[in-house]
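For reference, the structure is listed below as structure tokens.
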Amino acid sequence: MKKMLLLATAATLLSMNANANMMQDMKPYIGLDYVYTDADISKVDHVSMYKHKFDSANINIGMRTCNMGVEAYYQMSTKEKKTVLDTYKTKTDFYSFGADLMGYLPVYEKVELIGALGLGQYDFTAKGHEIATGQKLKHRDDSGIGIRMGAGVQYNFTDHFAVRAMGRYTWLDVDHVNHLQEFVIGARYSF
């Protein structure tokens with residue numbers, strides 16, 4: 001019994017030391033990204049009623065160690081307008097928030113390959129009207145969860161400032177929107 005207690009105490013002390021070293025190596029950061037999104041939005045009678053390409057701003061905060069990290073984000077698109085067959089005018093936008101697990105692989109002095117896997121909550125809003133009569137189209141407010149996967153490259157100018165470019169694919173559980181393909185470019189500031 002004494003040997004088990006001694007082994008348990010030693011294991012606890014070793015794990016506390018390892019966690020203390022990991023906490024010292026953690027660096028918080030904040031980032032801002034431009035995101036170009038191409039959404040797979042369902043068609044109505046073989047006609048795409050809503051705009052499917054969006055420009056977005058994405059703000060994020062994260063914490064990373066040498067090769068791993070976690071990043072929380074909030075993304076908001078512009079309201080995109082579309083005229084359909086000179087008959088309808090529509091507006092579409094979306095916002096999203098969630099978190100990604102990040103992996104960093106140094107490949108050259110200041111260059112890292114990065115990978116991301118995460119979950120997000122997505123909310124799409126679409127509305128419109130008939131041009132001739134002004135009659136409103138059915139308002140759509142669809143939301144759901146998305147599984148995000150991305151890869152890219154990051155260049156660290158200094159210990160505090162970096163830029164990154166990524167491609168990301170998101171599978172969505174959202175009515176009328178099946179998936180997203182995104183290109184992301186942005187900057188990070190580490191504290």
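A few remarks follow.
- Along region 158-168 the Karplus relation, 6.51 cos²θ - 1.76 cosθ + 1.60 evaluated at θ = phi - 60°, assigns HN-Hα couplings of 9, 5, 10, 10, 9, 10, 9, 9, 9, x, 9 Hz to successive residues, with x for each Gly and Pro.
- Region 53-96 and region 149-191 have Cα centres spaced 11 Å apart.
- With 10 Å bins from 0: P(r) over region 28-190, alpha-carbon pairs, percent: 10, 38, 26, 16, 8, 2, 0
- Site pair Glu130 and Asp25 shows an inter-label distance of 6.5 nm when each label is modelled 7 Å from Cα along Cα→Cβ.
- Label point distance in nm, Leu32-Val111, each placed 7 Å from Cα along Cα→Cβ: 2.7 nm
- Among the listed pairs Lys79/Lys110; Lys53/Lys110; Lys79/Lys136; Lys53/Lys136; Lys53/Lys138, those beyond 28 Å (Cα-Cα): Lys79/Lys110; Lys53/Lys110
- Under-5 Å amide H pairs with Phe161, H placed in peptide plane, nonlocal only: Ser190
- Between Ile145 and Tyr95, the contour length at 0.36 nm per residue exceeds the Cα-Cα span by 16.8 nm.
- Fully extending the segment from Tyr104 to Phe191, taken as 0.36 nm per residue of separation minus the present Cα-Cα distance, adds 29.5 nm.
- Anchor Lys27: aspartates and glutamates whose Cα lies under 20 Å away (excluding residues fewer than 8 positions away in-chain): Glu71, Asp100, Glu109, Glu112, Asp159
- Amide H to amide H distances under 5 Å link Asp175 with Ser143, where only residues 5 or more positions off or on other chains count and H is placed in the peptide plane.
Every number here is computed from the coordinates shown, using simple stated rules; none is lab data. Computed from a predicted structure; not experimentally measured. Reconstructed Cβ throughout: ideal geometry from the backbone, glycine too, with neighbour counts over all protein chains shown.
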